[in-house]
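Worksheet: one structure, shown below.
The values are calculated or read from the model by the stated rules, or taken from the named source; none is laboratory data. If you're wondering where the values come from, they're calculated on a predicted model, not measured in any experiment. Every residue, glycine among them, receives a Cβ derived from its backbone with ideal geometry; neighbour counts consider all protein chains shown.
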Amino acid sequence: MPNQHKIPQATAKRLPLYYRFLNNLHLQGKSRVSSKELSDAIKVDSATIRRDFSYFGALGKKGYGYNVEYLLGFFRKTLDQDENTPVALIGVGNLGTAFLNYNFTKNNNTRIEMAFDADMGKVGHMIGNVPVYHIDELEERMTDIKAAILTVPVSEAQQITDRLVETGVNGILNFTPARITVPEDVRVHHIDLAVELQSLVYFMKHYPLDQE
């Protein structure tokens, strides 16, 4: 098992991409893959892939490539794919509802177990087989859940975050534009869809792929 603290964050962020592609190859019955095949599939250059994989003990052989099943085993352990991580979703609006209906069906280890909202028209119903509770029940029901997805209005983001922290949540995936404040021991990943779209358009205009 590799030392997690020696793996650069940039490499760690690519691990789910590697895992997903390798898992697809495994399901197709493929036994080996080259760094070039991986590069073409996930749009990461071969040198970066070889460097990433070197943190796991140089698992490839020149002229042979990488053993798919062996790599998959490494990444499954590294990404804790054998452990189930229950998640709560806060805010059952359009985006939140989409998440509940999708519910990360391709990731067996990550699943939204419950959702919260203030809308009595949604409370008490099942959306995507996930029960929706009233936001007032947050502290009562969040006793065993350490990860949350935040899809609430901006004005509610910090207040709900404070309540989540009080329940013992360790990680928040923040889909609101608000830059929420949390203690040092709580990890937040901010995903602002408007910013990501602006970034995409900028790169489309100024960095065409055929010029790279």
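Beta carbons closer than 9 Å, at least 6 apart along the sequence or on distinct chains, pair a first residue in the stretch 161-177 that is without any contact (Cβ under 8 Å) to a residue 12 or more places away in the chain with a second that is part of a loop (DSSP other than H, G, I, E, B) and crowded, with 17+ Cβ neighbours inside 10 Å for ASP162/ILE180; ASP162/VAL182.
Scanning the stretch 31-49 for residues that are part of a loop (DSSP other than H, G, I, E, B) and surrounded by 14 or more Cβ atoms within 10 Å (Cβ to Cβ) yields SER34, VAL44. Every listed requirement among (1) surrounded by 11 or more Cβ atoms within 10 Å (Cβ to Cβ); (2) touching a residue at least 12 places away in the same chain (Cβ under 8 Å); (3) small (Gly, Ala, Ser) is met by SER199 save one, (2). For the stretch 88-98, the set of residues classified as in contact with a Ser or Thr (Cβ under 8 Å, 6 or more places away or on another chain) and farther than 13 Å from VAL132 by Cα consists of LEU95 only. Within the stretch 146-166, being surrounded by 19 or more Cβ atoms within 10 Å (Cβ to Cβ) and in contact with a strand residue (DSSP E or B) (Cβ under 6 Å, 6 or more places away or on another chain) holds for ALA148, ILE149, LEU150, VAL152, ILE160, LEU164.
Residues in the stretch 115-145 that are more than 11 Å from GLY91 (Cα to Cα), touching a residue at least 24 places away in the same chain (Cβ under 8 Å) and not acidic (Asp, Glu): ILE127, GLY128, ASN129, VAL130, LEU138, ARG141, MET142, THR143, ILE145.
Residues in the stretch 94-117 include none that are modelled with pLDDT of 95 or more, surrounded by 13 or more Cβ atoms within 10 Å (Cβ to Cβ) and part of a loop (DSSP other than H, G, I, E, B). Cβ separations smaller than 6 Å between residues 6+ apart or across chains give the following pairs from the stretch 20-38 residues that are closer than 11 Å to ASN67 by Cβ to residues that are surrounded by 15 or more Cβ atoms within 10 Å (Cβ to Cβ) and of a type in the set (Gly, Ala, Ser): ARG32/GLY65; VAL33/GLY65. Against the condition within 20 Å of VAL87 (Cβ to Cβ), outside any strand (DSSP E or B), in contact with a strand residue (DSSP E or B) (Cβ under 9 Å, 6 or more places away or on another chain) and in the same structural domain as VAL92 (by TED's automatic domain parsing), how does VAL169 come out, does it pass? Spelling it out, VAL169 is indeed within 20 Å of VAL87 (Cβ to Cβ), outside any strand (DSSP E or B), in contact with a strand residue (DSSP E or B) (Cβ under 9 Å, 6 or more places away or on another chain) and in the same structural domain as VAL92 (by TED's automatic domain parsing).
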